[in-house]
Structures are given as structure tokens and as C-alpha cells.
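So the structure is just underneath, and the comments pick up after that.
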Amino acid sequence: MQSLMFVVAMAPPAGGGAENQQSPIFMFGWLAIMLVLFYMMLIRPQRRRDKERKELLSKIKTGDRVIFGGGMIGIVANVKEKTCVIKVAEKTKVEVIRGAINQVLANGELPADVDQDVSASNK
């Protein structure tokens, strides 16, 4: 879409006269507006999500209930520098990279993508 607008802006005027010709400042103005929109719609939200994720991973502590990559839920048994030991069942612990953790659950909280009605009927 942006390239189409650029092509339209670069097209010669229909009349061919000097009175219809746009100034280069006008074209650079549109380019600046497009760059600002691109930043506001794509780059800024992604940076915010990355910051929130880093904060989530840095606040993980022993005893937290977490969901990680494959959808497994476990309790953090030990936090190391780059990994966490997760207890997934009685006497079963696995070591995962911190980046594999997708969500930290509060006590009794269900995962974000589980429907409330489905989980209530399973009890």
C-alpha cells in the first residue's frame, strides 16, 4: 500500500504543465507521515510487548504456577540464571529455558485461553 502511494506521488502530472507539479517538500512530508504511522502502529507496540515479557520472565520465583511452550502447566521448583526447574507431577521435574514460559498464573487462575464453561464441567 505504501509503495502504491509512493508510485502515485512520483507519477508526472496529467496536464504536463508546471502549474500542476507538486513540490519535493510535499513528497517528503508524506514520507515523514508514513514513517510516523509505521512506527506508531508496528514498532512501538512490539517494543511494549517485549518489555512486558522481559518483566514477566524476570519476576518468576519459586512456587509460581506457570504455563510453558508446549502448553504444560507446572510449579517452579528452582529458578536459575537462564533456566527454571518446573515440577509437572509428583516426583517429576523438568528444566526449561526461561523463554519457554508463556504465562504466570495466580492461585486458582485458569490459563488465558481456557473457556470457563469447559473447565467448570470437568470438575
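Please specify each residue of segment 56-87 satisfying the condition of being modelled with pLDDT of 90 or more and at positive phi.
Across segment 56-87, the qualifying residue is only G63.
Does G74 qualify as being of a type in the set (G, A, S) and touching a helix residue (DSSP H, G or I) at 6+ places or on another chain (Cβ under 9 Å)?
no
The values are calculated or read from the model by the stated rules, or taken from the named source; none is laboratory data. Model, not experiment: these values are computed from the prediction. Please note: Cβ atoms are built from the backbone with ideal geometry, for glycine as well, and neighbour counts cover all protein chains shown.
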